[in-house]
Amino acid sequence: MLVIAGGIPSNKYRGNGIFEFDQAKALANAGIKVVYVAVDVRSLRRWRKWGYERYDVAGVHVFCVNIPLGRLPKFILRKISIYGLQSLYKKVFREFGKPDVLHAHFTNMGYIAAQLKKRIDVPLVITEHSSALVQPVLGKRVFEIAKEAYSNAEAVIAVSPSLAKVIQDKFKIKTRFVPNIVDTEIFNFNTADKVENKVFRFISVGNLIYSKRMDLIVKAFYKVFIDNPHVSLTILGEGSERKRIEKYISKYKLGDRVKLLGVQPRTNVAKELKRSNCFVLPSRFETFGVAYIEALAVGVPVIATKCGGPECFVHKRNGLLIPVDDEEALVFAMKYMYEHNEKYNKQKIALETKNRFSPENISKELIKIFKEILVY
């Protein structure tokens, strides 16, 4: 199997290609020979080694080409990516021969993989994660790229039921639902990890961008807990909204109780989650929401928004769902979690999440789809 992605996680950029590589590792652990090709055309500001790389990691054979290009028109980036993928494929073919299946992730790489499929006549599966498809207005070129990609695929997979419906409605393409993976080796429940906090800890993990609405968390925290020194908020992530959030923290004099820890390795994220009582992230839209299931996997109940992704796994036994951009609903939810946290059974929350989203279970669902398309 040839997995096609726009990047691969590194020490410097841990989130680059993380969803794609998690699936690749899961498939390799399930006994599938996986070759992972990454065509990385991110800007010059994203420092990494230029040119080709070849190595094996976690049972996955990795071929990568890094072409830092900066702010070029997207159609030029696509042409260069197509050339990069075809060049990598020649190297893969010399070492491993022709793959049985191509598996591409996200709209753009699905389009690029479709161009390779036309040359080598191998079945194509596309897993779609892109939030661009759920925007109120879908650009003409984005629509054309997606349509070209999907029409050349034997199977299209969406990471949430709501995204599957969007694809089916907009493109008239039958779409399967297979969720993202949670790394249960890192994110897990263990009674030995239990910490008795003197302070009730809220935690949030995500990019500090407006669509995640971290500012709303700080505002709601202030409204509910300004006079309660026994409650804290920890935010992990980085982004363009950091200075704005820092201004709110300063304005509300919350510097001793609201901490911004920046981007952290997954092991640190898991450690912080295990020390926490409630996870909160009021996103405006999510095609799935891996940060939520990472919290649930360690047994932490969540506050999520009805934004597309969380509706398929958040329910009354593991958290609360509130409307998007509703500060008063968030205020109520945070107050409720503080007052009723003991009603949530952490061990049951973690077990349910593991059973649904573990690498073993998701790889089984994917392999079933691959076998179906190979039969035909």
Note to self: Given the criteria buried (at least 16 other Cβ atoms within 10 Å of the Cβ), under 28 Å from GLU196 (Cβ atoms), modelled with pLDDT of 95 or more and aliphatic (A, V, I, L, M), does ILE349 qualify?
What the structure shows: yes
Note to self: Given the criteria aliphatic (A, V, I, L, M), open to solvent by less than 20 Å² (accessible area, probe 1.4 Å) and within 29 Å of THR127 (Cα to Cα), does VAL159 qualify?
What the structure shows: yes
Notebook entry, point to check: Hey, among LYS12, LYS49, which residue is open to solvent by 70 Å² or more (accessible area, probe 1.4 Å), modelled with pLDDT under 90 and over 28 Å from GLU185 (Cα atoms)?
Noted result: LYS49
Next item on the list: Pick out, from region 292-376, the helices (runs of 4 or more DSSP H) lying fully within it that include 2 or more residues that are over 30 Å from PRO123 (Cβ atoms).
Entry: 327-340, 346-357
Notebook entry, point to check: Which residue out of GLY308, GLY299 is touching a residue at least 24 places away in the same chain (Cβ under 8 Å), touching a helix residue (DSSP H, G or I) at 6+ places or on another chain (Cβ under 8 Å), crowded, with 19+ Cβ neighbours inside 10 Å and more than 22 Å from SER160 (Cβ to Cβ)?
Noted result: GLY299
Margin query: Given the criteria out of contact with any Ser or Thr (no Cβ under 7 Å at 6 or more places or on another chain), under 23 Å from HIS230 (Cβ atoms), open to solvent by 60 Å² or more (accessible area, probe 1.4 Å) and touching a residue at least 24 places away in the same chain (Cβ under 8 Å), does TYR344 qualify?
Written below: no
Checklist line | Subset of region 353-372 that is of a type outside the set (Asp, Glu), within 20 Å of the chain's Cα centre (by Cα) and farther than 19 Å from GLY299 by Cβ - its residue that is most open to solvent (accessible area, probe 1.4 Å) | finding: LYS364
Next item on the list: For GLU128, work out the one condition from (1) open to solvent by 30 Å² or more (accessible area, probe 1.4 Å); (2) within 24 Å of ILE209 (Cβ to Cβ); (3) among the charged types (D, E, K, R) it doesn't fulfil.
Entry: (1)
Checklist line | So ASN11, is it out of contact with any Lys or Arg (no Cβ under 9 Å at 6 or more places or on another chain) and farther than 20 Å from LYS98 by Cβ | finding: yes
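The values are calculated or read from the model by the stated rules, or taken from the named source; none is laboratory data. All values reported here derive from a predicted model rather than from experimental measurement. Cβ sites come from the backbone with ideal geometry, for glycine too, and all protein chains shown count toward neighbours. Ligands, DNA and RNA are excluded from the accessible area calculation, which covers all protein heavy atoms including side chains. Shrake-Rupley method; radii C 1.70, N 1.55, O 1.52, S 1.80 Å.
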